[in-house]
Amino acid sequence: MTDATQPELDAARTEQRDAHHDGGGVTAAIVRYGLLGLLAAMIMFFTLMEPAFLSVRNLVIVLQSVSIVAILALGVTCTLVVGGFDLSIGAVAATSLMASSYVMVVFGGGTVEAVAACIALGLLVGLANGLLIVKLRVPDLLATLGMMFLLLGLQLVPTAGRSIARGMTLPDGSTADGSFTNAFLALGRYRLFDIVPISVVVMIALAILISVFLGLTRYGRVMYAIGSNAQAARLAGAAVEKYRIAAYMISGVCAAIGGILLAARVGRGDVSSGNSLLLDAVAAALIGFAVLGSGRPNAVGTAIGALFVGLLLNGLTMMNAPYYTQDFIKGAVLVVALMFTFGLSARTR
Amino acid sequence: MRAGSGAGAATRARPSSSTPAAAGRFVLRDLRKNFGRNAVLRGIDLTIEAGTIVALMGANGAGKSTLVKIIAGVHDASAGQMLCDGRQYRPTSPSDALRAGIVIVHQAINDNVVLDMDLLENLLIDEICQGRSMFFRRSAMAEKAREMARRVGLDIPLNRRVADISLADRQLVAIARALSHDPKLLILDEPTSALSDAEAERLFGVLEALRDRGVATLYISHRMSDIRRLASRVLTLRDGQITGDFAAPIDYSAAVHGMLGRSLGAAEIEPKPAGASVLSLRGLQTGPRVPPIDLDIHEGQVTAIVGLVGAGKSELAECIYGVRQPTAGTMRLDGKDYVPASPIRAVRSGIFMAAEDRGGGSIVGDFDVTRNITLPFLGAFTAATFLRRGAERRHARRSIEDLAIVTPGETAPIGALSGGNQQKVVLARWLTGKARLLILDEPFQGVDIAARQDIGRKLRRTADGRATLLLFADPDEAIEIADRIVVLNNGAVVADLSDPPFDRQMIVSSLSQSHDRRHAA
């Protein structure tokens with residue numbers, strides 16, 4: 001290597017490595033648009049292979065399949081924003097499913113009571129999580145992990161571990177004579193304009209609501225500040241503890257809503273429903289970090305993350321990929337998205 | 001040789017071509033660094049001889065940190081050469097630097113220690129990370145750790161968690177570690193910014209002993225007193241170039257000129273009369289064994305509290321700001337009882353504070369400049385709970401112009417700004433709302449003289465209508481800006497001066513007097 005070219009090569013090398021510093025360059029573009037590009041390429045590929053992929057009917061199926069996961073993921077996004085984490089969402093959804101069934105089938109309650117009970121449950125669990133984390137200073141992962149186990153166990157207690165359905169025998173020997181109300185079942189079966197399921201409507205509404213809340217209001221701004229530097233936020237006069245607790249309560253409510261919709265779709269208090277919700281929701285929120293290179297939790301990203309996984313699985317299913325490859329594919333998507341987020345964009349020192 | 005050719009006429013550094021490569025312990029030749037299109041280092045030539053202490057002065061953003069990071073192997077140079085003992089030195093990682101005998105104590109104190117580990121583990125962290133033995137035998141290591149601690153005069157039980165010791169002691173831990181490597185070249189970046197005079201003096205003694213054993217030291221500092229005390233040569237860095245190289249006897253005013261590109265006028269303060277008492281403290285005790293304080297802070301004036309590290313300044317400020325609860329005494333704000341349970345109450349009452357720890361207590365790393373400025377006052381930029389981003393950015397642009405903040409723009413990430421400019425952003429934040437009392441704890445920490453003057457001027461210009469309370473360890477910084485200086489030692493007020501020009505000697509002696517008393521007691 002001659003003396004003249006070495007520095008130039010070095011300069012070129014460094015330029016490339018530091019391209020993200022001035023926001024230009026290939027790396028920056030990949031970080032920003034990589035995941036969306038991948039999404040577009042994927043849609044094009046599946047459409048070419050299977051034209052029915054892009055039909056309205058199929059897209060609605062995809063939306064419906066991801067709606068509950070997305071709702072939970074939107075909730076967990078709020079806890080991620082304040083620098084926390086909520087592992088209890090899957091259990092909250094499952095408990096909410098059992099609770100709504102129990103209210104209707106065993107107590108003979110109506111739709112409003114069932115829904116209200118679930119929402120109250122979500123708020124309560126969120127409050128408990130928040131208090132454990134904020135007041136008792138239990139680390140978030142541990143507090144919500146404990147809450148997860150507690151709820152997974154709790155939902156089995158009233159029915160002695162059995163699923164809830166009309167005519168079931170209760171532990172005390174009596175027979176449950178209530179049933180799911182038609183209005184409640186409609187939450188799972190009615191379609192807006194005969195095409196869009198309620199769960200999709202709820203998902204879209206929550207996605208808009210939460211992304212507006214996080215992105216455009218002062219409350220969301222403060223939550224991001226807390227997640228980045230809680231001490232600085234506290235010294236800037238933010239009510240850090242209240243915001244943290246609120247984030248867990250939002251997460252609890254979202255999970256409860258997910259549980260309600262799941263109960264309405266399944267039509268009975270099925271003990272094993274909702275098992276995979278937690279991991280799928282967390283994956284969607286984490287994939288969301290990579291959308292538009294934000295590198296941070298954000299509601300739009302979370303929704304796109306859920307959609308991304310849903311479209312991919314749907315497309316592969318149409319092309320007859322076996323069901324047992326699904327988790328592998330989800331994992332691969334997550335790893336790639338995390339590479340976008342951390343490997344490429346967070347290399348700044 | 002390209003040396004100096006591209007660096008501009010201002011370069012006065014010794015051209016490296018005139019001496020054989022082996023002459024200096026550590027030699028840089030035409031070192032350059034670009035971040036994208038932004039040239040941060042534009043051809044640095046310098047030579048550091050063995051057994052000398054060379055001071056490097058530079059304004060914020062001059063490129064000091066970048067230079068250190070290149071030598072440390074954190075960044076790669078865009079062009080140029082480094083030689084250590086005449087051999088090519090081209091580190092690709094910090095451990096390369098360590099292997100070459102180049103040891104760096106970084107400015108951010110918490111970057112040098114592991115908070116969750118105890119003192120012994122921190123002192124021997126290199127042994128833990130790179131040692132050959134699979135087991136870490138504490139008892140066998142204790143003697144070595146004790147020796148390391150003794151060398152820098154660190155007198156704390158070895159099993160104390162580092163998170164529980166003071167910033168000054170953490171700094172000493174980092175320095176003790178650096179020394180244990182038997183460095184050929186030691187680089188210290190603002191090592192005394194958190195140290196008291198006595199602790200700094202201890203450090204200077206250690207550095208001189210090392211110098212006498214042939215270690216080359218590059219000492220980066222803004223503190224003239226440190227530089228006067230230690231350096232046999234001063235280099236000044238400005239805009240990524242060496243602009244001055246001064247050997248003994250050092251012409252300090254020329255050095256400051258070389259650093260700033262202009263001379264400093266003497267601080268001219270037009271003293272302001274004391275207005276009404278804004279905050280009055282009566283018998284306030286910040287802790288169980290701390291003497292009670294009676295103090296009134298007046299409107300329109302800039303009041304400085306000067307005290308050494310541990311004198312209780314920050315504790316006092318934290319009580320006023322609701323971060324810490326006083327154990328006794330009362331506070332009255334504008335004549336009304338004031339009992340802040342948290343900073344939320346303080347901010348609502350118009351009491352604003354910028355904490356000493358800028359990175360940990362003020363700056364939100366994920367936010368851009370605008371968001372950092374508006375954070376406590378989002379209500380003022382909100383219409384029907386929605387943020388008015390346009391209004392926020394307009395305000396940020398005004399602040400940037402007003403305080404001469406050097407930033408690529410109001411939406412630049414805060415991390416892209418140098419320390420001094422981040423400090424200006426913090427000031428801009430607290431000037432956004434209407435303050436009754438503005439408290440700034442060590443506002444000049446890590447801030448160069450030019451930025452310091454900008455901040456000082458802005459503070460004095462806006463001082464009407466509020467009380468301003470500044471906390472300093474360095475009496476010169478207080479003299480530069482204050483209308484009134486209160487000296488605090490060991491928690492007690494020992495002097496209260498309110499007629500500039502101040503008697504520096506008296507301030508210093510009351511600071512050290514307190515020290516003697518503490519040792520006598």
request  = Sort the following peptides by mean Cβ neighbour count (other Cβ atoms within 10 Å, averaged over residues), highest first: B:202-210, B:110-118.
outcome  = B:202-210, B:110-118
task = Go through region B:458-468 residue by residue and turn each phi into a ³J(HN,Hα) via Karplus (6.51, -1.76, 1.60, θ = phi - 60°); whole Hz please, and just put x for glycine and proline.
result = 5, 4, 6, 5, 9, 5, 5, x, 8, 9, 10
Cβ crowding within 10 Å averaged over residues, with A:244-252, A:329-337 ranked highest first = A:244-252, A:329-337
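Return the average number of partner chain Cβ atoms within 10 angstrom of each residue Cβ along peptide B:375-382.
Mean inter-chain Cβ contacts per residue within 10 Å come to 5.
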key: 5 angstrom amide H check on residue B:287, placed H, neighbours 5+ away   = B:327
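Relative to the compact-globule scaling 2.2 N^0.38 Å, provide the ratio for the alpha-carbon radius of gyration of region B:419-502. Present the calculation step by step, with values, prior to reporting the outcome.
Numbers: Rg = 12.9 Å, N = 84, 2.2 N^0.38 = 11.8 Å.
Against the empirical 2.2 N^0.38 Å value, I get 1.09 for region B:419-502.
Which of rounded, prolate or oblate describes region A:36-348 when judged by the alpha-carbon gyration tensor and an a/c cut-off of 1.5? Walk me through the numbers before you get to the answer.
Details: a/c = 1.89, a/b = 1.12, b/c = 1.68.
Note, shape of region A:36-348 comes out oblate.
Quick one: Kirkwood hydrodynamic radius for region A:177-315, alpha-carbon pairs, angstrom, one decimal? Don't jump to the answer; show the numbers that get you there.
Details: mean 1/r = 0.0588 Å⁻¹.
When all Cα pairs of region A:177-315 are included, the Kirkwood radius is 17.0 Å.
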key: Kirkwood Rh, Cα atoms: Rg over Rh of region A:282-349   = 1.04
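Of all DSSP beta bridges located in the protein assembly as shown, what percent are antiparallel, nearest 5? Please list the in-between numbers first.
Details: 47 of 83 bridges.
That works out to approximately 55 percent antiparallel.
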ask   = For region B:113-182, what is the relative contact order in percent, using Cα pairs closer than 8 Å and at least 6 residues apart in sequence?
value = 49 percent
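Highest mean first, what order results for B:432-438, A:77-83 on Cβ atoms within 10 Å?
Top of the packing list down: A:77-83, B:432-438.
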task = Please turn the phi angles of region B:427-440 into ³J(HN,Hα) values with the Karplus equation 6.51 cos²θ - 1.76 cosθ + 1.60 (θ = phi - 60°), one per residue in order, whole Hz, x for glycine and proline.
result = 5, 4, 4, 7, 8, 5, x, 8, 8, 8, 9, 10, 10, 10
Ratio of the Cα radius of gyration of the protein assembly as shown to 2.2 N^0.38 Å, where N counts its residues = 1.09
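How many Cβ atoms of partner chains, on average, are near each residue of A:123-135 if near means within 10 Å of its Cβ? Write down the numbers at each step before the final one.
Details: counts 0, 0, 0, 0, 0, 0, 0, 0, 0, 0, 0, 0, 0.
That average works out to 0.
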remark   = Computed on Cα atoms, Rg of region B:113-182 relative to 2.2 N^0.38 Å comes out at 1.00
query = Straight-line reach from residue A:242: which lysines have Cα under 17 Å away, leaving out those fewer than 8 places along the same chain?
reply = A:135
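State, as an integer percentage, the relative contact order of chain A based on alpha-carbon contacts under 8 Å between residues 6 or more apart. Please report the intermediate quantities before stating the final value.
Working: 550 pairs, mean separation 108.9, N = 349.
Answer for chain A is 31 percent.
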inquiry  = Between region B:299-328 and region A:246-272, how far is it from one alpha carbon centroid to the other, in angstrom?
reply    = 50 Å
ask   = Considering lysine pairs in chain B that are 8 or more places apart or on different chains, how many have Cα atoms under 26 Å apart?
value = 23
remark   = Rounded to one decimal in Å, the inverse mean reciprocal Cα-Cα distance for chain B, i.e. its Kirkwood radius, is 24.5 Å
message = Give me B:139, A:96, B:399 sorted ascending by neighbouring Cβ count inside 10 Å, so fewest comes first.
response = B:139, B:399, A:96
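In region B:228-363, what is the volume of the convex hull around the alpha carbon atoms, normalised per residue and reported in Å³?
Values: hull volume 24.1 nm³, N = 136.
That works out to 177 Å³ per residue.
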inquiry  = Counting only helical runs of four or more DSSP H residues, what would the 222 nm mean residue ellipticity of chain B come to if each run contributes -39,500 (n - 2.57) and the total is spread over all its residues?
reply    = -9500 deg cm²/dmol
remark   = Partner shielding of B:312-325, taken as the mean number of other chain Cβ atoms within 10 Å, equals 1
query = In percent, what relative contact order does chain B have, based on Cα pairs under 8 Å that are 6 or more apart in sequence?
reply = 15 percent
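To make sure I understand, if each residue's beta carbon is the centre and we count other beta carbons within 10 Å, what order do B:134, B:141 fall in, fewest to most?
Working: B:134 5, B:141 19.
The most exposed by this proxy come first: B:134, B:141.
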inquiry  = Going by amide H atoms built from the backbone, whose H comes under 5 Å of the H on residue B:238, apart from near neighbours?
reply    = B:243
request  = Could you go through region B:346-359 in sequence order and give the Karplus-derived ³J(HN,Hα) for each residue, using 6.51 cos²θ - 1.76 cosθ + 1.60 with θ = phi - 60°, rounded to whole Hz, and x for Gly and Pro?
outcome  = 4, 5, 5, 7, x, 9, 10, 9, 9, 6, 5, 7, 5, x
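Rounded to the nearest 20 debye, what is the charge dipole size of chain A about its Cα centre when +1 sits on each Lys and Arg Cβ and -1 on each Asp and Glu Cβ?
With Lys and Arg at +1 and Asp and Glu at -1, about 580 debye.
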ask   = What is the set of long-range amide H partners of residue B:387 at a cut-off below 5 Å, with H atoms built 1.01 Å from backbone N?
value = A:217, A:218
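Each value in this text was obtained by applying a stated rule to the coordinates, not by laboratory testing. Not measured: the values here are computed from a predicted model. Cβ coordinates were reconstructed from backbone atoms using ideal geometry, including for glycine residues, and neighbour counts include every protein chain displayed.
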